[in-house]
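All remarks here apply to the structure that follows.
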Amino acid sequence: MIFTGLLCGALLGFVLQRGRFCLTGGFRDMYLAKDNRMFNALLIAIAIQSVGVFTLIQTGAIEFNAGQIPWISTIVGAYVFGIGIVLAGGCATGTWYRAGEGLIGSWIALAGYMLTSAMMKTGALVPFNDSLKKYAVTNNSIPDTFGISVWPFILLLVLIVLFVVVRQLRKPKVKIPSLPAKRKGLNHLLFEKRWHPFLTAILVGLIAILAWPLSEATGRNSGLGITTPTANLLQYLVTGDKTKYLNWGVFLVLGILLGSFIAAKGSREFRFRVPDAGTAVSSFIGGVLMGVGASLASGCTIGNGLVMTAMMTWQGWVALLFMILGTWTASYFIFVRPRVKAGKQQAVAYQTTTA
């Protein structure tokens with residue numbers, strides 16, 4: 001459990017750090033810059049995982065039950081989570097891997113995320129969490145809802161992914177000035193060369209497939225997940241109960257931290273960066289909202305946005321939609337509205353001076 005959890009997490013952390021794969025920026029860029037590259041990369045990872053995992057299910061290697069979907073808590077939680085990741089400056093995995101780079105702001109966000117996710121699952125906020133989750137619909141599986149096989153949905157997803165990838169790759173490339181390479185061979189490819197988002201997404205998708213049999217071998221019937229393991233880590237540190245809280249997922253998130261640290265050190269990007277007071281407060285509030293939102297929605301950008309979408313569940317795709325909407329809402333109030341207001345003030349000042 002320790003070895004495979006750390007290994008899978010370290011691979012994921014390394015890939016996320018080198019590929020700068022954080023969905024907060026991706027969702028935000030869809031709104032602010034009309035740039036869909038990171039969202040398209042997410043679709044690639046979802047499609048790859050979906051094909052791989054349902055192949056494993058069909059061969060009997062693993063089992064999966066979509067279960068119920070708590071509609072209200074999924075919608076509310078995903079929306080709150082989307083707001084939180086903008087304030088925190090990173091999604092759940094983004095916070096973990098950036099903590100491995102030495103960002104103190106990410107450690108602060110991680111503290112808030114860990115605290116509230118634990119409170120929502122076994123602490124003072126359990127009644128609030130349960131009160132919204134009791135409104136559930138039995139059938140969470142999209143294919144079962146329509147009474148057909150999952151494979152037509154996977155085929156449709158693959159075709160959509162191929163379309164957006166080809167369309168993206170055909171766009172004129174913007175040449176980004178870069179310094180001459182200082183390293184050679186594998187050292188250059190791993191630690192110096194800029195990773196393309198689509199390559200990163202392919203690797204994330206393959207790691208997501210790998211997570212299923214590795215996790216199930218330890219008795220945890222699930223794939224990648226961040227929120228519950230993050231809560232479990234704090235719960236173990238507080239209670240010392242290894243049997244209840246120390247599991248494969250805990251070593252997965254610790255592995256993300258380790259893999260990111262190795263990648264950051266190898267690429268010479270590791271350094272401690274202390275935020276100002278305002279950013280520190282924003283990071284903590286964002287982490288708090290992340291813990292509350294992900295617990296209500298039963299998943300974060302990985303648990304819902306990558307895994308449950310790949311499993312063709314209503315929960316995954318509904319949560320992904322409302323996470324994006326939450327991100328756009330926060331982006332408007334934090335980035336767009338102040339810019340518009342400043343522009344109007346400048347226009348008034350100009351008119352006053354020229355009058």
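Here's the yes/no breakdown for (1) within 29 Å of Q49 (Cα to Cα); (2) among the basic types (K, R); (3) assigned to a helix (DSSP H, G or I); (4) in contact with a strand residue (DSSP E or B) (Cβ under 8 Å, 6 or more places away or on another chain):
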site	(1), (2), (3), (4)
A124	no, no, no, no
F128	no, no, yes, no
P180	no, no, no, no
R183	no, yes, no, no
N187	yes, no, yes, no
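If you scan segment 2-49, which residues turn out to be in contact (Cβ under 8 Å) with a residue 40 or more places away in the chain and either hydroxyl-bearing (S, T, Y) or not in a helix (DSSP H, G or I) (or both)?
The answer is T4, R20, F21, C22, T24, Y31, N36.
Checking the condition farther than 16 Å from G326 by Cβ, under 19 Å from the mean Cα position of the chain (by Cα) and open to solvent by 40 Å² or more (accessible area, probe 1.4 Å), which residue from R28, R20 passes?
Selected residue: R20, the only one of R28, R20 that is farther than 16 Å from G326 by Cβ, under 19 Å from the mean Cα position of the chain (by Cα) and open to solvent by 40 Å² or more (accessible area, probe 1.4 Å).
I'm trying to understand the selection: among the residues of segment 299-314, which are farther than 17 Å from F21 by Cβ and not in a helix (DSSP H, G or I)?
Result: G299, M311, M312, T313.
Here are some conditions: (1) touching a residue at least 12 places away in the same chain (Cβ under 8 Å); (2) assigned to a loop (DSSP other than H, G, I, E, B). L56 meets all but one. Which one does it not meet?
The single condition L56 does not satisfy is (2).
Just the residues that are surrounded by fewer than 24 Cβ atoms within 10 Å (Cβ to Cβ) and either within 17 Å of Y79 (Cβ to Cβ) or small (G, A, S) (or both), please, taken from segment 271-288.
Once the filter is applied, which keeps residues that are surrounded by fewer than 24 Cβ atoms within 10 Å (Cβ to Cβ) and either within 17 Å of Y79 (Cβ to Cβ) or small (G, A, S) (or both), segment 271-288 yields A277, G278, A280, S282, I285, V288.
Table: residues versus (1) open to solvent by 50 Å² or more (accessible area, probe 1.4 Å); (2) modelled with pLDDT under 95; (3) under 15 Å from N304 (Cβ atoms); (4) small (G, A, S).
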{"residue": "I62", "(1), (2), (3), (4)": "no, yes, no, no"}
{"residue": "G82", "(1), (2), (3), (4)": "no, no, yes, yes"}
{"residue": "M114", "(1), (2), (3), (4)": "no, no, no, no"}
{"residue": "K133", "(1), (2), (3), (4)": "yes, yes, yes, no"}
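Among the numbered criteria (1) surrounded by fewer than 23 Cβ atoms within 10 Å (Cβ to Cβ); (2) touching a residue at least 12 places away in the same chain (Cβ under 8 Å), which single criterion is violated by G77?
Of everything listed in (1) surrounded by fewer than 23 Cβ atoms within 10 Å (Cβ to Cβ); (2) touching a residue at least 12 places away in the same chain (Cβ under 8 Å), G77 misses just condition (1).
The values are calculated or read from the model by the stated rules, or taken from the named source; none is laboratory data. Worth saying up front: this structure is predicted, and the values here are computed from it rather than measured. No Cβ is skipped: glycine too gets one built from the backbone with ideal geometry, and neighbour counts run over all protein chains shown. Ligands, DNA and RNA are stripped out before the accessible areas are found, and what is left, the full protein with its side chains, is counted by its heavy atoms. Shrake-Rupley method; radii C 1.70, N 1.55, O 1.52, S 1.80 Å.
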